[in-house]
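Right, one structure below, let's go through it.
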Amino acid sequence: MANIQELTQLASQIRRDTLRMVHGCKSGHPGGSLGCADFLTALYFEVMHHDRSFKMDGVGEDVFFLSNGHISPVFYSVLARSGYFPVDELKTFRKLNTRLQGHPTTAEHLPGVRIASGSLGQGLSVAAGAALTKKLNNDDKIVYALMGDGEIEEGQNWEALMFAAHHKIDNLIVTIDSNGQQIDGSTNDVAGIDGKNIEAKVRAFGWEILNMNGNDLQSIVDTMAKAKSMTGKGKPIFIIMKTEMGFPIDFMVGSHKWHGISPSDAELESALQQLPSTLVDY
Amino acid sequence: MKTYEVQNIKDTRSGFGAGLHELGKSNPNVVALCADLIGSLKMDAFQKDFPERFFQVGIAEANMIGVAAGLTIGGKIPFTGTFANFSTGRVYDQIRQSVAYSNKNVKICASHAGLTLGEDGATHQILEDIGLMKMLPNMTVINPCDYNQTKAATIAIANHVGPVYLRFGRPAVANFTDANSFQIGKALMINEGTDVSIFATGHLVWKAIEAGHILAANGISAEIINIHTIKPLDEKAVMDSVRKTRCVVTAEEHQMNGGLGDSICQLLARNFPTPVEMVAVNDSFGESGTPDELMKKYHLDTPDVVDAVMRVLKRK
């Protein structure tokens, strides 16, 4: 039984980490990171069975792939707070000689990262391949992936959606961060896509569809449990996760302005006042 | 000039198919993916005997590369198969990020490379693939010359941990190498000589041998070395030969920019500046025609190797 209060506290600390990391190097992507903080917190602290000692092959454990690699600050914070590497290392984010590269990579051997991502549209294919290997290995654990909604404009995703359904990759749960925003504006303005028509398109490709509120931990925990119960039934599972970019910071929420810029000193101070520190800051 | 017995006339892609099938039997971690070209890539036997380890990806090469990268996580050794053009240029960023930068144990196996693809024309005749692949850190690039060598290379790369680009071709060509002579990164001495070093790769190795006989008849002693592994280049083999002959001809079915000749020129410029002539396609696309017609028109034929040797000897 999930302790929602505990997850809420963790997510608050992870958001603090995220903003301080971006502020610390004056670069990075806070908007999508804040929006996905609840999801990644729930995934790593409640949903997945994973081994913090980290083995690249991930045999006998659930594995996760981050396709929208630009939300690296929240991913790194979740990994560190899960025990994959020292929390203190978060202060090296995006700085010279760091293992915490601007976008996640395996090149620096950061525990918890299994593939480089950042150039968009590639994570779904990788996750499908890893899920196939689990099947070949008779490994009954699950492969999870997170992607952005703007990212679905990349054609490779549609190849992967077709492939996973055709090959009945039913140990794969993909979540899309449906915040409706991308660099040049709303996903609707840029490419005519929104949560509703993404749902229709992906369903037409042969996937099971679920919806959840990505900024409500109870909704995430319940939906992920339901998704898990739907695995092994011949279809891959796709979750449309409604989030707000920048959630819950009052001057960031819902605006794509915060996709890829750092808060000023005053903005950071104001944001941190809205996020209680529940563990010790790094 | 050493004489090589032609064991038979066979396509290099069939060597790939045979090697892959053998791997299917010997290594349970080997899996294969194909983008709707099973017959062309000679992957039929693997598909028939190991269907649970074979994945038809359809005409979706970007996804194929990503799926292959994912398959490595958990210990599989994926071999992807499609034409060289669709194995490289079409999926460069997928290879760069998900395979090379991520250092995944993916074997990118590419048929119908170069002009000898023939009648389909320049849309399919990639002449830039060696350059594209050799520029990627972590990537090993192999371009075998005949059936035996392609089969041996296919088997060898399964035991090499890391990304590999294996390039082969469509037409039936002389099959003459010793099946046991292949070793990744180790250049193969074809003929010891003293006047000129000919470094050839892929289909041009046999042309270089034919040229060697013509040169010998004219009193010229050509050292011919088969550079099947373009990266990492066997620098010692190249330098040992060049220190002896002091002039070089490179020969390949690829653009001059970015190919084997380019790698050798870089090595020599840094260590031992030497006259070089290059038999390669010079900043041009190909066109439709038979393989033989195209090799003649684009100056990749036996007389072109001879001419290049005559030119470089004058610059010595």
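Values in this text are rule-based calculations from the coordinates and carry no lab data. Quick caveat, the model's predicted, so the values are computed rather than measured. Using ideal geometry, Cβ is built from the backbone for each residue, glycine included, and neighbour counts are taken over all protein chains shown.
What residue among B:47, B:100, B:281 has its Cα farthest toward the positive end of the dipole of chain B, where the charges are +1 on Lys, Arg and -1 on Asp, Glu, each on the Cβ?
The listed residue farthest towards the positive side: B:100.
Based on the alpha-carbon gyration tensor of the range B:188-314 and its eigenvalue square roots a ≥ b ≥ c, which shape applies: rounded if a/c is under 1.5, prolate if not and a/b is larger than b/c, or oblate?
Numbers: a/c = 1.74, a/b = 1.24, b/c = 1.40.
The shape class here is oblate.
Taking each pair of distinct Cα atoms in the range A:139-276 once, what is the resulting Kirkwood hydrodynamic radius in Å?
Details: mean 1/r = 0.0616 Å⁻¹.
In the range A:139-276 this quantity evaluates to 16.2 Å.
Which value in Å is the Kirkwood Rh of the range B:96-173 over different Cα pairs? Please list the in-between numbers first.
On the way: mean 1/r = 0.0760 Å⁻¹.
Computed over the range B:96-173, the radius equals 13.2 Å.
Using the Karplus curve 6.51 cos²θ - 1.76 cosθ + 1.60 with θ = phi - 60°, work out ³J(HN,Hα) for each residue of the range A:35-42 in order, rounded to whole Hz, and write x for Gly and Pro.
x, 9, 4, 5, 4, 5, 4, 4
Taking the radius of gyration and the Kirkwood hydrodynamic radius from Cα positions alone, what is the Rg/Rh ratio for the range B:8-175, to two decimal places? Mind showing how you got there, number by number?
Details: Rg = 14.1 Å, Rh = 15.3 Å.
Using only Cα positions, Rg/Rh for the range B:8-175 is 0.93.
So if we plug the beta-carbon distance of residue B:45 and residue B:288 into 1/(1 + (r/R0)^6) with R0 = 41 Å, what FRET efficiency do we get, rounded to 0.05? Kindly include the intermediate steps, with their values, before the conclusion.
Details: r = 31 Å, r/R0 = 0.75.
That gives a FRET efficiency of 0.85.
Long-range amide H contacts for residue B:31: which residues qualify at under 5 Å (H placed 1.01 Å from N, peptide plane, sequence gap of 5 or more or a different chain)?
Here B:77, B:79 satisfy the definition.
For a Förster distance of 25 Å, can you work out the FRET efficiency between the beta-carbons of residue A:280 and residue A:107, rounded to the nearest 0.05?
Working: r = 30 Å, r/R0 = 1.20.
So the FRET efficiency works out to roughly 0.25.
Determine the relative contact order of chain B: mean sequence separation of Cα pairs under 8 Å and six or more apart, normalised by residue count, in whole percent. Intermediate results must be reported in sequence, preceding the final value.
On the way: 749 pairs, mean separation 59.2, N = 316.
After rounding, I find 19 percent.
Rule-of-thumb check for the range A:4-273: C-alpha Rg over 2.2 N^0.38 Å?
Details: Rg = 17.2 Å, N = 270, 2.2 N^0.38 = 18.5 Å.
Dividing the Cα radius of gyration by 2.2 N^0.38 Å gives 0.93.
What are the ³J(HN,Hα) values, in whole Hz, obtained from phi via the Karplus relation 6.51 cos²θ - 1.76 cosθ + 1.60 with θ = phi - 60°, for each residue of the range B:239-248 in sequence order, with x given for Gly and Pro?
Whole-Hz 3J(HN,Hα) from phi for the range B:239-248: 5, 4, 5, 5, 4, 7, 8, 6, 7, 9.
If one takes the longest principal axis of the Cα atoms in chain B, at what angle in degrees, from 0 to 90 and to the nearest 10, does the Cα axis of helix B:260-271 lie?
Helix B:260-271 sits roughly 60 degrees off the main axis of chain B.
How large is ³J(HN,Hα), in whole Hz, for each residue of the range B:290-296 in order, when computed from phi with the Karplus curve 6.51 cos²θ - 1.76 cosθ + 1.60 and θ = phi - 60°, using x for Gly and Pro?
Going residue by residue, I get 6, x, 5, 4, 5, 5, 5 Hz, with x marking Gly and Pro.
Size of the dipole of chain B about the Cα centre, Lys and Arg at +1 and Asp and Glu at -1 on the beta carbon, nothing else charged, in debye to 20? Please report the intermediate quantities before stating the final value.
Details: 30 positive and 33 negative charges, 178 e Å.
Here chain B has a charge dipole of around 860 debye.
Using the crude model of +1 on Lys and Arg Cβ and -1 on Asp and Glu Cβ, and no other charge, please compute the dipole size for the range B:161-316 relative to its Cα centre, in debye to 20. Each step should come with its number before you reach the end.
Values: 16 positive and 19 negative charges, 96 e Å.
For this selection, approximately 460 debye.
Could you tell me how many degrees, from 0 to 90 and to the nearest 10, lie between the Cα long axis of helix B:302-314 and the main elongation axis, the longest principal axis, of the Cα atoms of chain B?
Around 50 degrees separate the two axes.
D for chain B, whole µm²/s, Stokes-Einstein with Kirkwood Rh over alpha-carbon pairs at 37 °C and 0.692 mPa s: what number?
Working: Rh = 19.3 Å.
D = 170 µm²/s.
Amide H of residue B:83 versus every other amide H placed in the peptide plane: which residues, excluding those fewer than 5 positions away on the same chain, fall under 5 Å?
Close amide H contacts, sequence-distant or interchain: B:111.
Just want to confirm a number: the relative contact order over the range B:132-262, from Cα pairs under 8 angstrom separated by 6+ residues, in percent.
On the way: 244 pairs, mean separation 38.1, N = 131.
Rounded, it is 29 percent for the range B:132-262.
Could you tell me what fraction of 2.2 N^0.38 Å the Cα radius of gyration of the range B:164-234 comes to, as a two-decimal ratio? If you can, show how the numbers build up before the last one.
Values: Rg = 12.7 Å, N = 71, 2.2 N^0.38 = 11.1 Å.
Against the empirical 2.2 N^0.38 Å value, I get 1.14 for the range B:164-234.
Considering all projection directions equally, how large on average is the shadow of the alpha-carbon convex hull of the range A:1-131, in square nanometres?
Details: hull surface 31.1 nm².
So the mean shadow area of the Cα hull is 7.8 nm².
Just want the answer: with Cβ charges of +1 for Lys and Arg and -1 for Asp and Glu, which residue in A:48, A:276, A:14 is farthest toward the dipole's positive end in chain A?
After comparing all options, I get A:48.
What relative contact order, as a whole-number percentage, does the range B:8-175 give when Cα pairs under 8 Å and 6 or more residues apart are counted? It would help to have the intermediate numbers written out before the result.
Details: 365 pairs, mean separation 52.7, N = 168.
It comes to 31 percent, rounded to a whole number.
Under unit Cβ charges (Lys, Arg +1; Asp, Glu -1), what dipole magnitude, rounded to 20 debye, does the range B:8-175 have relative to its Cα centre?
Working: 15 positive and 13 negative charges, 81 e Å.
Around 380 debye, computed over the range B:8-175.
Cα convex hull of the range A:27-79: mean projected area in nm², to one decimal?
Numbers: hull surface 15.6 nm².
Projected area, direction-averaged: 3.9 nm².
If amide H atoms are built 1.01 Å from N in the plane of the peptide, which residues on other chains or at least 5 residues away come under 5 Å of the amide H of residue B:281?
Amide H neighbours of residue B:281: B:254, B:255, B:256.
Using only alpha carbon positions, build the gyration tensor of the protein assembly as shown, then give the equivalent ellipsoid semi-axes as the square roots of 5 times its eigenvalues, largest first, whole angstrom.
On the way: eigenvalues 529, 126, 79 Å².
Working through the eigenvalues yields semi-axes of 51, 25, 20 Å.
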